[in-house]
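What follows is one structure encoded as structure tokens, with my remarks underneath.
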2 protein chains.
Amino acid sequence: MATEANQRLMVESTLLREPLAGARADDLLIAVSAETGKAAEEALGRFDELIKGRRAGTVTEYRPKSLAVALDLLPSANWVLVSVPGRHAAEVARQALAADRNVFLYSDNVAIAEEVALKKTAGECGRLVLGPDCGTAIVAGVGLGFANRVRRGPVGLIGASGTGLQTIASRIHALGLGVSQAIGIGGRDLSREVGGATASQALALLAGDSATGVVVIVSKPPHPEVAERLLAQARAVAKPVVLQFQGYAVPGRRLGNLHFAVDLEDAAHLAVELAERSADDGAPEVAVDRGALRGLFSGGTLASEAYLRLSALLPDVASNLSGNQAAKLGAQAAPGHSVLDLGADELTLGRPHPMIDPELVVEHLARVGEERGVGTILLDVVLGDGAHPDPAAVLAPAVERVLAARDDLEILAVLVGTDEDPQDLEAQRERLEEVGARVFTSLGAAVDAGLARVATASAGRSPQGAEALEPPLVAVNIGVELFHEALVAQGVETVHVDWRPPAGGNEKLARILTRLEGSTMGQAK
Amino acid sequence: MATEANQRLMVESTLLREPLAGARADDLLIAVSAETGKAAEEALGRFDELIKGRRAGTVTEYRPKSLAVALDLLPSANWVLVSVPGRHAAEVARQALAADRNVFLYSDNVAIAEEVALKKTAGECGRLVLGPDCGTAIVAGVGLGFANRVRRGPVGLIGASGTGLQTIASRIHALGLGVSQAIGIGGRDLSREVGGATASQALALLAGDSATGVVVIVSKPPHPEVAERLLAQARAVAKPVVLQFQGYAVPGRRLGNLHFAVDLEDAAHLAVELAERSADDGAPEVAVDRGALRGLFSGGTLASEAYLRLSALLPDVASNLSGNQAAKLGAQAAPGHSVLDLGADELTLGRPHPMIDPELVVEHLARVGEERGVGTILLDVVLGDGAHPDPAAVLAPAVERVLAARDDLEILAVLVGTDEDPQDLEAQRERLEEVGARVFTSLGAAVDAGLARVATASAGRSPQGAEALEPPLVAVNIGVELFHEALVAQGVETVHVDWRPPAGGNEKLARILTRLEGSTMGQAK
């Protein structure tokens, strides 16, 4: 900047003979100190090249030393890749957000409080902060950090883990399909503190992204509260969502549009399978809250599976399936959602098992049907030798009585049996349907129907910041040079910020530059 | 029994006018006390019918009051179904085992020490005790307890849970396939105390059963030590084994011949899918112990999945993936199996990530290669933008050096990448194979190959007692009458033991019967 002060300094440094008349603060003044005239000409020629390159928008070789200058050079940059050492990383990310850019934050050793603050800011301004400790992303067809080259396609990935995303993306490619976006969220995003801030943003964006047909989320197991919120949000997405939480006790293969994978390859296969199926497969039913859901089971294992499935999505499901005697007895009178195993010891003392005599089910059905807060009753009817010869005959009148008194209640029955069972499977089904029960042969389908009556989550706010995922991706890279080279190799317009000490270690020049007005330009030179 | 003492008692009771000359202790003496001659004749006629029925082998109506008499009446009975109240159940089961019969033990409230003792006896004499608290079994085509009518087929089931078995069996039937055997083991068999005694017997029997092509095991999660033994035994079975442990953190979709299902329907679908595939799919590789297995990973998620898979089958796999700092550092020097995440903070302080610079992998490879106890090294090579431009060029010479010094060592490499990655996937593979590494694109396959070098379990002792599963099933039922009726309905030859009080409540007769010699006959009458 040709300010008076700067010109005076240049004169003192013998870079300028005397101050230039008419030069002002908004002029750029270039001075070259060289041993030969030829060298000076070459230097000035090089400057002209760089200026031309800047005008043509291909500034891949010029390396400023600050983010601000880099963004000045490449104003169309919509992403900033940060891989400087952890102690500088949060500050650089903050600058990027302040400049209204999305951040890919590879650096680790960023304090969790910094992460929370950065993601809060990002959420407020509709930008994304991927990371810290985010190894991998594929955004608008461009790999950021460590990323494999995969064709574009209908699978949108969200991943807390870098090589998790890479393995799934590579496998999807090998299976002939492609990836719409792969959004890294960092290893701590699904912790209680960070609360899945980026995962939730990413899910809302992919939910609204017409190029994404299936969403995959890969992570270590989230904090239980975060998992519950994330799963509820995912349930409200009108697309299949594949979840792969390493070392997580999966509640079932499928809950509505949620598909639980158990390893990385499994996740890739499920995603490809779902993407190739019809698109309306994952559309969830209308999510209106109809009140508490009560499971009344005569089969212990069925009760247990129903409990696992419901607990994955609903908070505080009471049950007599485990816990101490007080908890068991308490479950019978719990006011919210609950699952009762009516075959449990404490309920069958001195009476036959409810599969032999369904009277116990009838009693509970009558009691629960009178509770106004209950909107859905889930029960099982198990056929076969040894069981009651005609359970529907005992249950149907009870179902009829309960439904006659309540038009806002639904009874969902899981019928377990075969067409060769002595009770006549179809006759049992008809008898129950006659009195208004909805009959299922799959426990999973029955639980899904129940969950559709209690779900309350939404797929997330309208996807503010969707342009973050739109091409062309233009980037500023600060830190690991390999990541810049990778962007260049992918044909991405990018500027690499050089974090070496100012003036390349030349002490005298460093002192002059430090004293020059306009620190930005000083760093840039 | 027409002993002198008994005849004297009958005379005293006016059932006999005087002792019969020539009647001996091994004669059966029948006396009828009736109000009319017609009634007496009818009673004697009924006795003749029962005797005839016994001779024809269709003694479904005559009801003795003890197991001993029942077995006397139906000596071909190979199974005893026990559903008397818990306090009598263990004693009845003991009698059945003493009589060399298999036991289906429906009763609950049997002490765990009794269960351990019963199963010990059963193991020693090559008999099965299914239960206590065993709701369901299908043996030799006959449903015991609660059971659905399903066609016979290639899927053998082992289940701790009754409705779990019923649901899977019904679903397999609905999918068009059938069940070879369904062996209930009771809810506590996979506890630490019982140690999977019946599950292990059942698995050995199904392993040796030519009619069984696929085995399914369904249960709540076993005690970790029991799980490890059971999985190791299942790994050695030359058939696919599907495992469904409710609420269990599955280590992967597939480990060799082990297939992990996450719900009941999933288990049924997997079993049908596997049964319809070629039979040699599940054949495990030769199980010879080649020494410790060491994982050296640059990808954290790959390390973590490898750790979960290995830990499911191997005891004490060390790792720096979790735990405190001491555990992390200890893992680097642990002498047995271990998995190291070389990208972890404590190993990359002040150095680039091993995906950027594989030198760290080279150093560990050299160190581990020198340990004589190590037989297998598992490593990952992750390609893509951002990663080292030619990792195989760095790793291959190191692999070559290690293998040159050791002919008993194998190096298994998982290659993650696509055919569009800048490193050239095929060239990377070739370079690594050239120097003797075995290269996989699936982590699961690489871990399987590693496990095949350390597995030591066998599929179980030769299946003593296999005749328990062979038709025809002939049964004595003691307890719940519905189970007897179910056997009759299935056309099974059976005797129901009547546990009502002796002499139907007639006090005088009860006293006489109690005093009669030969308590067995006394109870039987």
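Some points to look at:
- Averaging the sequence gap over all C-alpha pairs within less than 8 Å and six or more residues apart, then dividing by the number of residues, gives chain B a relative contact order of 17 percent.
- Protection proxy ranking, peptides B:18-27, A:410-419, average beta carbon neighbours within 10 Å, highest first: A:410-419, B:18-27
- In nanometers and ordered shortest first, the copy-to-copy spacing of the B:Gly126 label point, defined 7 Å from Cα toward Cβ, is 7.9.
- Between the beta carbons of B:Val394 and B:Glu276, assuming R0 = 60 Å, the FRET efficiency works out to 0.85 to the nearest 0.05.
- Over chain B, DSSP H runs of length four or greater, each weighted -39,500 (n - 2.57), average out per residue to a 222 nm ellipticity of -12000 deg cm²/dmol.
- Peptides A:179-185, B:490-496 ranked from most to least packed give A:179-185, B:490-496, packing being the mean of other C-beta atoms within 10 angstrom over each peptide's residues.
- Calculated translational diffusion coefficient of segment A:79-282 (20 °C, 1.002 mPa s; Stokes-Einstein with Kirkwood radius over alpha-carbon pairs) equals 130 µm²/s.
- Using a simple spin-label model with pseudo-atoms 7 Å out from Cα toward Cβ, A:Glu430 and B:Ala5 lie 6.3 nm apart.
- Karplus-based coupling profile of segment B:424-434, in residue order and whole Hz: 6, 3, 5, 5, 5, 4, 4, 4, 6, 5, 3, with θ = phi - 60° in 6.51 cos²θ - 1.76 cosθ + 1.60 and x standing for Gly or Pro.
- Angle between chain A longest axis and helix A:300-313 axis [Cα atoms, degrees, rounded to 10]: 30 degrees
- Nearest to the axis that brings chain A onto chain B is this chain A residue, judged by its Cβ, with the distance in whole Å: A:Ala249, 2.
- Here A:Ala117 and A:Leu28 are evaluated by their C-beta separation; at R0 = 41 Å the FRET efficiency comes out at 0.65.
- Residue mean of other protein chain beta carbons inside 10 Å, A:475-487: 2
- Cβ-vector label at 7 Å, A:Gly373, separations to other copies in nm: 5.8
- Calculated on the Cα set of the protein assembly as shown, radius of gyration then Dmax: 37.3, 154 Å.
- Summary for B:Ala31: label point 7 Å along Cα→Cβ; distances to the equivalent points in the other copies, ascending, 13.9 nm.
- The orientation-averaged shadow of the Cα convex hull for chain B, equal to a quarter of the hull surface, comes to 30.3 nm².
Each value in this text was obtained by applying a stated rule to the coordinates, not by laboratory testing. Because the structure is a prediction, the values reported are computed rather than measured. Counting neighbours? That spans all protein chains shown, and the Cβs are built from the backbone with ideal geometry, glycine included.
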